[in-house]
């Protein structure tokens, strides 16, 4: 019984070492993504980080990248600008909305959910990602909607 347990522990140790060697030789490359066509980060974060084939996009709000003003004429216009900004970050990294596998929608008023969805569907018509949508008390810069996402480049 002791010999069997020792063998299992030794095998586990050797297996773990082999996995560590494999993962260190296949280490993911980390790259900061920054699009001049999307608003610059307004805090200590990146627009996106690419790790291997996965792109982690920070939340975008409806700041016009040229005027630096928040678009709030309507929730539809605001959502459209948010998704346009997000699209520019995706494009900078070589991704599209079809590569998005997960999105998170933050909104200050759940009553806008249906109207946000209508615009959201324009951008995610072919490939609909998994998604969470939550109402929050407040968003940066007085925004009413913010969207972040994770995209994966498949081969």
Per residue Cα convex hull volume for segment 28-152, in cubic angstrom?
-> 97 Å³
Using Cα pairs under 8 angstrom and six or more residues apart, how large is the relative contact order of segment 28-152, in percent?
-> 31 percent
What order, most packed first, do the peptides 99-106, 83-90 have when packing is the mean number of other Cβ atoms within 10 Å of each residue?
-> 83-90, 99-106
By per-residue mean of other Cβ atoms within 10 Å, what is the highest-first order of 144-153, 38-47?
-> 144-153, 38-47
Any chance you could run the full-extension gain for residue 31 through residue 51? It's 0.36 nm times the residue separation minus the Cα-Cα distance, nm to one decimal.
-> 6.5 nm
Arranged from highest to lowest average of other beta-carbon atoms within 10 Å per residue, in what order do the peptides 50-63, 110-123 appear?
-> 50-63, 110-123
Where the centroid of each part is defined by its Cα atoms, how far is segment 113-155 from segment 53-78 in Å?
-> 11 Å
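Read-outs: derived from the displayed coordinates by stated rules, not from any lab. Every value quoted in this text rests on a predicted model; they were computed, and no experiment measured them. Quick reminder, even Gly has a Cβ in these numbers, built from the backbone with ideal geometry, and neighbours come from all protein chains shown.
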